[in-house]
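The values are calculated or read from the model by the stated rules, or taken from the named source; none is laboratory data. As the structure is a prediction and not an experimental result, all values here were calculated from the model. Every residue, glycine among them, receives a Cβ derived from its backbone with ideal geometry; neighbour counts consider all protein chains shown. Note: accessible area is taken over every heavy atom of the protein model, side chains too, but ligands, DNA and RNA are not part of it. Shrake-Rupley method; radii C 1.70, N 1.55, O 1.52, S 1.80 Å.
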Amino acid sequence: ICDIIDEFIYHTYIYEKSSAKTAHKVLEALFNIDNINKKMNRDEYSHSILSEKAKSYIQKNINKSITQSEVADFLGISPGYLCNVFKKSEGITLIKYINTVKLKSVQRIMEKEKLKLYEAAELYGYTDANYVSALYKEIFGHNITEHKQEYQGIFNEE
C-alpha cells in the first residue's frame, strides 16, 4: 500500500493526464487495504477459536495438572504460538487463566463440601497446599479461606 501511495505521490504528472490511471491506483490501494483488513479479521477469528478450544480443554481436564505444552499438543500448535494467541484473544496469559479457573474451583469445593485446602487442591491436580495458598493470594489478593463477595464473578466457569 505504501508503495502504491508513494508511486501515486511521486508520479503525479502521469496521473494528472489520465483519470483512469488515477482511479486504478486509488482502487488498487483500497483493494490492498481491504485484503489486509480481511486477513486481520480472519486472524482474530482463528485466535478466538483456538482460545475457546483451549478453554474447553482446560475445563475438561480441570482436575489434572495442565501444562501449556499439553494444551498446545491438543490443538496441534506450538506452545509459544498458543501463548501469544491466547494472550491476544483473552487478555490474560494461558497459565494465569489455568490457575485462576483451578483456584476458583478449589475455593468453591472447599466452601461447598467443607474440605481442607490440601484435600480440595488434590482434586484439581495440585500437590502442595502451601503453593495453592500463595498462588491464590498472588492472583486474587486475599487468602483462599476468606470469602469476599467482590471476587465471586471472576472466571465463573460453572
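All conditions in (1) open to solvent by less than 80 Å² (accessible area, probe 1.4 Å); (2) touching a residue at least 40 places away in the same chain (Cβ under 8 Å) hold for residue 75, with the sole exception of (2). The single residue among 105, 89 that is at pLDDT below 90, touching a Leu at 6+ places or on another chain (Cβ under 9 Å) and crowded, with 17+ Cβ neighbours inside 10 Å turns out to be 89. The numbered conditions (1) at pLDDT 90 or above; (2) within 16 Å of the chain's Cα centre (by Cα); (3) crowded, with 18+ Cβ neighbours inside 10 Å are all true for residue 126 except (2).
Beta carbons closer than 6 Å, at least 6 apart along the sequence or on distinct chains, pair a first residue in the range 98-119 that is within 21 Å of residue 58 (Cα to Cα) with a second that is open to solvent by 30 Å² or more (accessible area, probe 1.4 Å) and of a type outside the set (A, V, I, L, M, F, W, C) for 101/157; 102/124; 105/124; 106/124. Given the condition part of a helix (DSSP H, G or I), at pLDDT 90 or above and open to solvent by 60 Å² or more (accessible area, probe 1.4 Å), answer yes or no: does some residue in the range 140-158 qualify? Looking through the range 140-158, none of the residues is part of a helix (DSSP H, G or I), at pLDDT 90 or above and open to solvent by 60 Å² or more (accessible area, probe 1.4 Å). Residue count for the range 54-106 satisfying the condition of being within 20 Å of residue 127 (Cβ to Cβ) and among the acidic types (Asp, Glu): 1.
Look at residue 113 and say whether it is out of contact with any Asp or Glu (no Cβ under 9 Å at 6 or more places or on another chain), of a type outside the set (S, T, N, Q) and open to solvent by 40 Å² or more (accessible area, probe 1.4 Å). Spelling it out, it is not the case that residue 113 is out of contact with any Asp or Glu (no Cβ under 9 Å at 6 or more places or on another chain), of a type outside the set (S, T, N, Q) and open to solvent by 40 Å² or more (accessible area, probe 1.4 Å).
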